[in-house]
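S.K.: What follows is a single structure, and I will ask about it in a moment.
Readers should treat all values here as calculations from the given coordinates under stated rules, not as data from a laboratory. Please read these numbers as outputs of a predicted model, since none were measured by experiment. So basically every Cβ, Gly included, is an ideal-geometry build from the backbone, and we count neighbours across all protein chains shown.
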Amino acid sequence: MRAFIKSSQHQPQRLLASAVGLAVASLAMPALADEPAQLGSVTVKGEQSGYKVERSASAKYAAPLLDTPQTVSVVPQEVIREQQALSLRQVLSNVSGITFNAGEGGGGSGDSINIRGFSANANMQVDGLRDSSQSNRTDTFNIEQVEVIKGPNSVFGGAGTTGGSINQISKTPRQRDFTEIGASLGTDSYHRLTLDTNQTLDGVGEDSAFRLNLMAHENDVPGRDQIDRQRWGIAPSLALGLSEDTRLTLSYFHQSDDNLPDYGVPAFDGKRLTGVDRDGYFGFSNIDKEEIESDAFTAKLEHRFNDRLSLQNLTRYSRIARDTVISASHVNLVGSAADPVAPGRYRPAGPQGYGRDATSEMLINQTNLSADFDTFGLGHRLVAGAEFSREDYERITYAYGLNFAGRDFDLGNPPGYYSGPLDKARSADTSTRLDNQAVYVFDTIALDPQWDLSLGLRYDWIDGESKNTALPAGTVTRLDSRDREFSGRAGLVYKPTDNGRIYVAYGTSFNPAAENLASSGALNAAAADLAPEKNKTWELGSKWELLDGRLQLDGALFRVEKTNARETMADGSTQLAGEQRVQGVELGVTGKLSAQWNVYANYTFLDSETLKAADTAAGIAREGQALGNTPPHSLNLWTTYELPAGWRLGYGARYVSERNVTSSDRAKLDAYWLHNAMVGYKVNEEIDLQLNLNNLFDEEYVQNVRQNVGLNTRSSAVEYGDARSAILSATYAF
């Protein structure tokens with residue numbers, strides 16, 4: 001019997017080339033053996049419900065998650081809805097082993113996320129396509145689920161991916177008619193309206209449909225009353241069945257944000273300064289701003305040649321315009337010899353009234369050719385693809401010239417408003433270009449009924465250029481970087497039973513000098529000509545489905561090594577002289593314990609260490625130290641129980657252990673526990689009510705970390721997570 005898989009999950013771009021097409025076609029010929037080994041069957045459903053997700057939405061992962069030799073955590077729509085999780089950070093708080101940095105410049109250019117101790121800033125994807133690192137993902141109104149692929153995997157995601165990558169899956173048209181109108185009210189001036197409507201288009205092609213998502217939102221930040229957030233968004237999508245085997249999906253996304261930036265409160269050694277209140281606002285509300293306009297157009301073309309060969313092409317153009325002015329919460333407690341500061345008072349330090357007007361444009365195209373075939377008695381599930389992208393970044397930096405000479409303020413009562421003279425002036429113009437081309441191939445091979453072999457190989461061409469013009473002098477600095485890199489991954493899966501898997505896997509990734517070019521806006525002159533940093537991972541794990549497939553248990557031992565980290569030497573040069581290692585354990589439980597009881601839980605242990613650093617005073621201090629913002633222990637739990645008469649209860653807990661502020665100091669951030677609760681009531685078939693109580697015990701905890709311990713002349717800062725809040729939501733569905 002021939003081994004093959006039926007799937008609507010196809011992903012291609014321009015056919016790799018006629019050579020690849022011919023090669024795959026030749027491999028897809030009839031088997032050369034009478035009884036080839038078969039890959040496990042795959043059932044692809046039109047909609048995913050419940051906590052347990054069967055497979056990745058990316059065509060690069062051809063096998064179900066049970067058969068994938070890697071730790072992949074998926075936060076499904078049901079959990080997002082039950083928690084009223086609005087931002088990507090809130091969604092990712094369900095996944096252990098993830099922490100958040102405060103970002104470049106305090107809040108910086110976009111989300112700053114660590115996975116297994118390593119930055120994932122440049123490893124964000126939407127529907128399998130790399131997303132701009134300029135973006136702050138503040139709302140999930142158009143997100144179906146979020147996938148976290150852990151461990152070095154440049155073979156799947158390209159440059160970066162040392163600790164892992166994040167793939168957000170957008171909502172798309174479905175084959176049923178529905179409309180959901182949502183309204184929410186809460187503490188801290190929380191107001192929210194949403195619409196999600198889907199309409200099948202009878203008589204228009206084959207299984208065509210249209211879907212529209214709308215969102216309007218505003219709130220103050222719990223525990224930070226002076227900080228407000230406002231945004232609105234629209235996301236229409238149209239699926240056209242051009243024939244029984246060909247489908248075109250067109251989608252557009254727009255979101256507009258108008259926020260007051262928040263850079264936390266001043267701190268030393270990860271602790272808030274004495275005399276500073278948790279809700280103290282150290283910015284200037286009449287100067288600071290964050291205005292973001294995000295747009296994205298996506299076209300997805302899918303074609304099935306037959307039951308064993310299919311093609312998918314994804315093309316996206318995105319543009320993010322972001323104009324921000326920040327006044328960081330760094331403070332000078334001593335002043336200067338000529339202009340000292342009295343005890344209990346401060347003078348602003350660090351960037352004040354500092355603006356960035358940045359625009360990032362990305363054009364990306366990805367093609368995947370998927371084939372199922374047999375050769376020499378072996379079943380194959382192969383994906384071959386190519387990816388092409390270009391990202392252009394333009395930034396104007398400016399400052400308002402805030403002057404604090406001879407002025408200081410009360411630590412316990414910062415003014416929050418600037419009343420001095422202003423002298424706005426541009427300081428620099430920056431432009432960058434980042435080009436990436438890649439070809440890749442993945443093959444899952446059924447060696448026999450109990451053994452699968454997964455192989456992947458990718459080759460990247462990465463070219464980066466930057467131009468910086470310093471004003472008013474007009475000095476121009478130009479730099480460029482060129483890298484050509486192979487990435488690989490291999491995994492062996494043993495199937496002792498139908499419901500259990502044991503696997504071992506090895507993978508690599510690389511970090512080129514131009515990795516963050518489109519977010520930082522510059523190349524490091526000392527590192528531009530260096531080879532990329534190299535990373536590798538080993539993972540030994542097991543996955544089991546229990547209770548008739550309703551519940552999945554996962555466990556893995558892993559080690560991640562960065563073998564040539566960039567280090568600043570004593571003479572100021574940069575060399576690939578460092579070594580870092582993170583090893584640990586991942587455990588997960590996902591699904592239904594009973595017909596009424598759902599659980600989504602995971603735990604991560606991280607043993608991180610700098611094995612080798614530059615031979616300087618700072619470098620010697622780092623050797624043997626744990627990595628910054630990398631907690632040894634983290635635990636997340638979300639569970640719900642359905643009661644009679646339409647009631648349901650939910651409880652969530654999150655634990656993060658004590659961790660280093662930086663990699664070169666023994667200062668620690670405090671451990672914390674968070675507790676959340678939910679009560680829901682289904683009034684009837686159309687109306688559903690839900691009350692969410694977040695941070696029940698009003699825990700003061702540091703969520704976003706600035707990896708700096710601070711000085712008396714310029715403190716560091718910490719950014720707290722939300723204080724206690726309550727949100728009442730109503731959904732009307734018809």
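S.K.: With θ set to phi - 60° and the Karplus curve 6.51 cos²θ - 1.76 cosθ + 1.60, what are the ³J(HN,Hα) couplings of region 139-151 in order, to the nearest whole Hz, using x for Gly and Pro?
M.R.: 8, 10, 4, 10, 10, 8, 7, 10, 10, 10, 9, 8, x
S.K.: Across region 656-670, in residue order, what do the Karplus-derived ³J(HN,Hα) couplings come to in whole Hz, using 6.51 cos²θ - 1.76 cosθ + 1.60 with θ = phi - 60° and x for Gly and Pro?
M.R.: Per residue, the Karplus-derived 3J(HN,Hα) values read 10, 7, 4, 8, 5, 5, 10, 8, 10, 8, 8, 4, 10, 8, 5 Hz.
S.K.: State which entries of K60/K300; K271/K562; K289/K424 exceed 19 angstrom in Cα-Cα distance in the structure shown.
M.R.: Flagged as over cut-off: K271/K562.
S.K.: In whole angstrom, note down how far apart the Cα centers of region 694-731 and region 68-83 are.
M.R.: 24 Å
S.K.: Right, next: Each residue of region 351-359 in turn: what ³J(HN,Hα) in whole Hz from Karplus with 6.51, -1.76, 1.60 and θ = phi - 60°, glycine and Pro shown as x?
M.R.: x, 10, x, 9, x, 10, 10, 10, 10
S.K.: Y252 to D670: extension gain in nm, 0.36 nm per residue of separation minus the Cα-Cα distance?
M.R.: This chain segment gains 146.2 nm when fully extended.
S.K.: Follow-up question, since we're still on this one. Check Q707: other-chain or 5+ apart residues with amide H under 5 Å from its amide H, H built from backbone geometry?
M.R.: Hits under the 5 Å cutoff: A102.
S.K.: Please list the non-local residues whose amide H lies under 5 Å from the amide H of G335, H modeled 1.01 Å from N, same-chain partners needing a gap of 5 or more.
M.R.: V341
S.K.: Work out how much length R174 to L447 would gain on full extension: take 0.36 nm times their residue separation and subtract the Cα-Cα distance, in nm to one decimal.
M.R.: Contour length minus Cα-Cα distance gives 94.6 nm.
S.K.: Using modelled backbone amide H atoms (1.01 Å from N, in-plane), which distant-in-sequence or interchain residues come within less than 5 Å of D225's amide H?
M.R.: For D225, no residues qualify.
S.K.: So, in nm, how far is label L193 from label K424 when the simple model puts each one 7 Å beyond its Cα toward the Cβ?
M.R.: Taking the two extended label points, one gets 3.2 nm.
S.K.: Still on this structure: Once you keep just the Cα pairs under 8 angstrom separated by 6 or more residues, what percentage relative contact order results for region 65-733? Please list the in-between numbers first.
M.R.: Working: 2026 pairs, mean separation 86.3, N = 669.
Once normalised by length, the contact order is 13 percent.
S.K.: Something else now. Please give the contour-minus-distance gain from Y459 to V476: 0.36 nm per residue of separation, less the Cα-Cα distance, rounded to one decimal in nm.
M.R.: So the chain would gain 2.8 nm between Y459 and V476.
S.K.: Over what distance in Å are the Cα centres of region 194-227 and region 234-313 separated?
M.R.: Rounded to whole Å, the Cα centres lie 13 Å apart.
S.K.: Here is a follow-up. Can you give the charge dipole size of region 65-733 about its Cα centre, rounded to the nearest 20 debye, using +1 on the beta carbon of Lys and Arg and -1 on the beta carbon of Asp and Glu?
M.R.: Values: 63 positive and 89 negative charges, 210 e Å.
So the dipole magnitude of region 65-733 works out to roughly 1000 debye.
S.K.: Compute the label zone of A216 within region 714-734: residues whose backbone N is under 20 Å from the point 7 Å along Cα-to-Cβ.
M.R.: 728-733
S.K.: Taking the Cα centre of each part, how many Å lie between region 353-370 and region 120-189?
M.R.: Each part's Cα centre sits 15 Å from the other's.
S.K.: Right, next: What value, in deg cm²/dmol to 500, does the helix sum -39500 (n - 2.57) over DSSP H runs of n ≥ 4 give at 222 nm once divided by the residues of the chain?
M.R.: Numbers: 6 runs with 36 residues, N = 734.
So the calculated ellipticity at 222 nm is -1000 deg cm²/dmol.
S.K.: Still on this structure, please answer the following. Along Cα→Cβ, 7 Å out, is where each label goes; now give me the distance between the ones at L553 and T200 in nm to one decimal.
M.R.: Distance between the two pseudo-spin positions: 4.1 nm.
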